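The values are calculated or read from the model by the stated rules, or taken from the named source; none is laboratory data. Just so it is clear, the model here is predicted, and its values are computed rather than measured. A quick note on method: Cβ atoms are made from the backbone with ideal geometry, for glycine too, and the neighbour counts reach across all protein chains shown. The accessibility values were calculated without ligands, DNA or RNA, using every heavy atom of the protein model including side chains. Shrake-Rupley method; radii C 1.70, N 1.55, O 1.52, S 1.80 Å.
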Amino acid sequence: MLQPLAIVFYERLMPGSQLVNRLQDLNYRVLVLNQADRLVATVQRESPLLLFVDLATPGDVCGTIATLKSTPTTAHVPVIGFAPDNAPGLLNEAQTAGANVTVNETAVINHLPQLIDQALHVD
């Protein structure tokens, strides 16, 4: 059986590497990206089940989320955005951009299975 693919976009070692390890523990294949300019093309090419985005990465990360959500070939991919515990503004901005779920970085590690279920939930 094939493992589902999750793309994790981050530049900060913590919590990015922790998230990758937790996803692998949950039997996901993980593709790591650290270049925002390659994110849209990679999501289009790889068709992941999930996309995790570190919102504290420099650059217009929320603009990239908005592009993904407005592009027909990538709009269906659930996006889970995470940010430092002291940056609620980033979480709000990501929700406005179209992220399916936004959480602080402590929660993304501690509640990962529940967050995945929430992101994949279809009404």
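Per-residue accessible area for S47 at 1.4 Å probe radius, Å² rounded to 10?
Answer for S47: close to 80 Å² accessible.
Mind jotting down a quarter of the surface of the convex hull over the alpha carbons of segment 1-55, in square nanometres, one decimal?
3.7
About its Cα centre, what dipole magnitude does the chain give when the only charges are +1 on Lys and Arg Cβ and -1 on Asp and Glu Cβ, stated in debye to the nearest 20?
Charge dipole of the chain: 280 debye, to the nearest 20.
What ranking, highest mean first, results for peptides 84-91, 52-59, 103-110 when packing means the other Cβ atoms within 10 Å averaged over each residue?
Per-residue mean Cβ counts within 10 Å order the peptides as 52-59, 103-110, 84-91.
Around F9, which amide H atoms from residues at least 5 apart in sequence, or from another chain, sit under 5 Å from its own amide H, with H modelled in the peptide plane?
L33, F52, V53, D54
For the chain, which whole percent of the accessible surface, found with a 1.4 angstrom probe, sits on carbon and sulfur atoms?
Numbers: 3200 of 6340 Å².
Taking all protein chains in place, the chain shows 50 percent carbon and sulfur surface.
What accessible area per residue comes out for segment 41-123, rounded to a whole number of Å², with a 1.4 Å probe?
Here the per-residue accessible area is 48 Å².
Which of the following values of log10 I(q)/I(0) by the Debye sum over Cα atoms at q = 0.12, 0.15, 0.16 Å⁻¹ was calculated from the structure shown: (i) -0.48, -0.71, -0.80; (ii) -0.36, -0.59, -0.67; (iii) -0.41, -0.65, -0.74?
For log10 I(q)/I(0) by the Debye sum over Cα atoms at q = 0.12, 0.15, 0.16 Å⁻¹, the calculated option is (ii).
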